[in-house]
Protein chains: 2
Amino acid sequence: MARALIIGCGAVATVAIKKCCTCSEVFSEICIASRHRENCEKLAQELRPNTKTVITTAAVDADKAENVSALIREYKPDLVMNIALPYQDLAIMDACLECGVNYMDTANYEPENIDDPEWRKVYDKRCKEKGFSAYFDYSWQWAYKEKFEKAGLTALLGSGFDPGVSQAYCAYALKHQFDTIEEIDILDCNGGDHGYKFATNFNPEINLREVSAPGSYWDTDENGKGHWVEIPAMSIKREYNFAQVGKKDMYLLHHEEIESLAQNIPGIKRIRFFMTFGQSYLDHMRCLEDVGMLSTQPIKFQGQDIVPIQFLKALLPDPASLGPRTVGKTNIGCIFKGKKDGKDKTYYLYNVCDHQECYKELGSQAIAYTTGVPAMCGAMMVLTGKWNKPGVHTVEEFDPDPFMEALTKYGLPWNEDFNPVLVD
Amino acid sequence: MARALIIGCGAVATVAIKKCCTCSEVFSEICIASRHRENCEKLAQELRPNTKTVITTAAVDADKAENVSALIREYKPDLVMNIALPYQDLAIMDACLECGVNYMDTANYEPENIDDPEWRKVYDKRCKEKGFSAYFDYSWQWAYKEKFEKAGLTALLGSGFDPGVSQAYCAYALKHQFDTIEEIDILDCNGGDHGYKFATNFNPEINLREVSAPGSYWDTDENGKGHWVEIPAMSIKREYNFAQVGKKDMYLLHHEEIESLAQNIPGIKRIRFFMTFGQSYLDHMRCLEDVGMLSTQPIKFQGQDIVPIQFLKALLPDPASLGPRTVGKTNIGCIFKGKKDGKDKTYYLYNVCDHQECYKELGSQAIAYTTGVPAMCGAMMVLTGKWNKPGVHTVEEFDPDPFMEALTKYGLPWNEDFNPVLVD
């Protein structure tokens, strides 16, 4: 019996909200809040007839902590679930601290304006000190640790699939399968096919950033000192034969959970993250970039300022239209290499999720499904007291067992392989 | 001592006009006419200080025969050189007939509006009867044969490089090197590099039409009956090692001179046309087409109708800017297979043209240069009486010797190879 304030009403939030409504014994009351209340209300109206969860809605501009605080004071939730944009993480954390409420999110903070000179100063320093150049990192939210501890409040960071479930898999492997883990490869494969020659699941701008940013991984030198290794974008490519999906090309990317895992897995030597991209997708991105269609700089055309990537977005299929036509599966998981009882051991924990089944169940394809379900399960862990630990924590810092049990119950069961093919 | 009315003031016309001005003994007076007289006047002002040719200018809308007739009556030329759009061929031929003046052009008629039902009816019938589906063919202009014959006027069709020089090469080969020619492969290679990842020499719409139209070639069945063979766009690909350029991929396309050569080369069994396209160029065209950027259908964006391909044009480098930066060479010619004195023989006639040298000489790269020079040389043949033959004729119907001599003199000398590598 608890009350959650859910900020966000996009594709991922919609999955999480729908799942909350199937578990009214925990989520007895929820408030759906976003910039556009009408979207929240539309969803609420769809859900109310079939759930015992009492659903209310609100408008909130989560860019400003005081707006969020006002809503919290009015609604008095036990937990704020931030399933909005990562730009708003800090404002919502501030509001939670001010009002004494637990917090959770699905992706770590990054600034909306990366040209802000104040932010830039800190960023440049971190790039130099840490050795990776992604625009997001944990430092901004880890800076809240002491405040949350003192307030006796829990902040759960990154409870999606990756970050999120990927880290629970690490905690699970360490708890049940290994004495020490030396190497982790996180493999994120989307084997879905929407039948279009080119379309993007998200904003093409975000897709572009993903493939044009340098990759990086965690490695350890001969003296046992861990450090980041940064590589040019898309320069490490491997082929992997994914269970229930087949062979796919995958590329080494930077990913946020590497940063926390490097701190929280004792004795870890290497952590890498790979994501699949089809050659055709990459070719289209490159050609569009070559002709300037991915530019965010407006050009004058027919007397108007037109931003090429926005015009492209208008030409491409609406991402929301991909759901009903996407077939195939995702396969996301972690391959571990380590020691058990003095012997070398390898182990692969992964989830396979079918786009069409997700769509039939919740009207969303697997990309949103695999992020929304862990968001709801993480919230459930906090609300039921299973993951209550004052401070600011990532998923691997908690007991993975009840979380993974919930994941299985709510649609994301895991598979294991005790003799996996390793990534070289 | 003759007077030519030149309709057109684009890149090709500019080359032809500049070359006319180097040969004032033939082109003693020229009138440059186009829709925008100011462009003609600008060019005239640039040329007048350095030529004995008397240059005047005029505005003309060549879509309408009566406008052209009025200008002809006023200027009283000995020849009308149509170096404008192929849409206007028939209107200008009508005007020449009405006023009793010789005519020439560089490309055969095609309609501006291919949805016009009257034109479509004739087109559909021709597609069925002849077996190729290009929007242009000689039938429209050949229909004027009797009228030009009766009027004692010469109409010279297609005096560019290909069509044009390619056909003169055929006539030359037949006159000097073969008793019979059985196979002709016309090879058009542009080995130029403008240094951009993607740019088009012309309107991208015309480029697109070129690579998306079915290819076709002339072939002969076992009974010796010639016929067209149509193939899917870009489905026949060969690699060829071009002299002074190197290895390039080339694709079989439909091309207009195949139609007249099939009639005018006795005993011919096969005629094919190949053009080089780089893989990167084709990849970009395909990717842009996939996302809808090559569409000519407007979409609503920011409250305006925007035609994607026109927006793309605005993003791409201005074709006029390519001239100074394009390096490399073109190599265009014909490979012949036939009999001489009862023996099998092969022979390759080709021209190599350097982009930078063309640019230094006339401020145009080789693409415009190789079309503009033969236009001027063809006009010279008609004006000097060397190619005077009442009726409507293509280049191979005339004596190639004086034309090829002029080509050499004015910048397009030929090379020959008596043991060429054949295209399989």
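The values are calculated or read from the model by the stated rules, or taken from the named source; none is laboratory data. Model, not experiment: these values are computed from the prediction. Please note: Cβ atoms are built from the backbone with ideal geometry, for glycine as well, and neighbour counts cover all protein chains shown. Each accessible area value is taken on the protein alone, full model and side chains, heavy atoms only, with ligands, DNA and RNA left out. Shrake-Rupley method; radii C 1.70, N 1.55, O 1.52, S 1.80 Å.
Numbers at a glance
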read-out: Meets criteria (touching a strand residue (DSSP E or B) at 6+ places or on another chain (Cβ under 6 Å), modelled with pLDDT of 95 or more, over 30 Å from B:Ala199 (Cβ atoms) and surrounded by 20 or more Cβ atoms within 10 Å (Cβ to Cβ)) for A:Ile236; value: no
read-out: Candidates B:Glu210, B:Glu259, filtered to the one that is open to solvent by 40 Å² or more (accessible area, probe 1.4 Å), among the acidic types (Asp, Glu) and closer than 24 Å to B:Asn108 by Cβ; value: B:Glu210
read-out: Among residues of the stretch A:68-98, those that are surrounded by fewer than 18 Cβ atoms within 10 Å (Cβ to Cβ) and farther than 25 Å from A:Asp137 by Cβ, counted; value: 5
read-out: Close pairs from the stretch B:274-297: first among the polar types (S, T, N, Q), partner open to solvent by less than 30 Å² (accessible area, probe 1.4 Å) and outside any loop (DSSP other than H, G, I, E, B), Cβ under 6 Å, at least 6 apart; value: B:Thr276/B:Cys189; B:Thr276/B:Met250; B:Ser295/B:Pro308; B:Thr296/B:Ile309
read-out: Residue count, the stretch A:105-125 (criterion: under 22 Å from the mean Cα position of the chain (by Cα), charged (D, E, K, R) and open to solvent by less than 70 Å² (accessible area, probe 1.4 Å)); value: 2
read-out: Output for the stretch A:320-331, where each listed residue is in contact with a helix residue (DSSP H, G or I) (Cβ under 8 Å, 6 or more places away or on another chain) and open to solvent by 10 Å² or more (accessible area, probe 1.4 Å); value: A:Ala320, A:Pro324, A:Val327, A:Gly328, A:Lys329
read-out: Pick from the stretch A:254-299, criterion out of contact with any strand residue (DSSP E or B) (no Cβ under 8 Å at 6 or more places or on another chain) and of a type in the set (S, T, N, Q), ranking: nearest to A:Ile186 (Cα to Cα); value: A:Gln263
read-out: Extreme residue, modelled with the lowest pLDDT, among residues of the stretch B:141-198 that are polar (S, T, N, Q) and not in a helix (DSSP H, G or I); value: B:Asn190
read-out: Test: A:Phe311 is part of a strand (DSSP E or B) and either more than 24 Å from A:Ala13 (Cβ to Cβ) or not assigned by TED's automatic domain parsing to the domain that holds A:Ala171 (or both); value: no
read-out: Looking only at the stretch A:269-288, and only at residues there that are more than 14 Å from every other protein chain (Cβ to nearest Cβ) and in contact with a Leu (Cβ under 7 Å, 6 or more places away or on another chain), the one that is nearest to A:Glu396 (Cα to Cα); value: A:Ile271
read-out: Unmet criterion (only one of (1) in contact with a Lys or Arg (Cβ under 7 Å, 6 or more places away or on another chain); (2) under 19 Å from B:Gly378 (Cα atoms)) for B:Leu156; value: (1)
read-out: Residue match in the stretch B:183-195 (condition: more than 21 Å from the chain's Cα centre (by Cα) and within 14 Å of chain A (Cβ to nearest Cβ)); value: yes
read-out: Failed condition for A:Ile184, given (1) in contact with a strand residue (DSSP E or B) (Cβ under 7 Å, 6 or more places away or on another chain); (2) outside the structural domain of A:Ser216 (by TED's automatic domain parsing); (3) open to solvent by less than 10 Å² (accessible area, probe 1.4 Å); value: (2)
read-out: Single unsatisfied condition, A:Val54 versus (1) closer than 24 Å to A:Cys23 by Cβ; (2) more than 24 Å from the chain's Cα centre (by Cα); (3) aliphatic (A, V, I, L, M); (4) surrounded by 15 or more Cβ atoms within 10 Å (Cβ to Cβ); value: (4)
read-out: Residue within the stretch B:372-386 that is outside any helix (DSSP H, G or I) and within 20 Å of the chain's Cα centre (by Cα) present; value: no
read-out: Considering residues of the stretch A:262-284 that are part of a helix (DSSP H, G or I) and open to solvent by less than 30 Å² (accessible area, probe 1.4 Å) only, the residue farthest from A:Gly215 (Cα to Cα); value: A:His284
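This table checks each residue for (1) away from chain A (no Cβ under 14 Å); (2) open to solvent by 10 Å² or more (accessible area, probe 1.4 Å); (3) of a type in the set (Phe, Trp, Tyr).
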site: B:Ser295; (1), (2), (3): no, yes, no
site: B:Lys340; (1), (2), (3): yes, yes, no
site: B:Lys343; (1), (2), (3): yes, yes, no
site: B:Cys353; (1), (2), (3): yes, no, no
site: B:Glu357; (1), (2), (3): yes, yes, no
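Let's see how each residue does on (1) out of contact with any Gly (no Cβ under 7 Å at 6 or more places or on another chain); (2) within 18 Å of B:Asn264 (Cβ to Cβ); (3) open to solvent by less than 10 Å² (accessible area, probe 1.4 Å):
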position: B:Gly100; (1), (2), (3): yes, no, no
position: B:Cys127; (1), (2), (3): yes, no, no
position: B:Gly131; (1), (2), (3): yes, no, no
position: B:Glu149; (1), (2), (3): no, yes, no
position: B:Asp162; (1), (2), (3): yes, yes, no
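Results for (1) farther than 21 Å from A:Gly372 by Cα; (2) out of contact with any helix residue (DSSP H, G or I) (no Cβ under 7 Å at 6 or more places or on another chain); (3) part of a strand (DSSP E or B), shown as yes or no for each residue.
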{"residue": "A:Ile6", "(1), (2), (3)": "no, no, yes"}
{"residue": "A:Thr14", "(1), (2), (3)": "no, no, no"}
{"residue": "A:Ala33", "(1), (2), (3)": "no, no, yes"}
{"residue": "A:Asn39", "(1), (2), (3)": "no, yes, no"}
{"residue": "A:Glu46", "(1), (2), (3)": "no, yes, no"}
{"residue": "A:Asn67", "(1), (2), (3)": "yes, yes, no"}
{"residue": "A:Tyr87", "(1), (2), (3)": "no, yes, no"}
{"residue": "A:Leu90", "(1), (2), (3)": "no, no, no"}
{"residue": "A:Asp94", "(1), (2), (3)": "yes, no, no"}
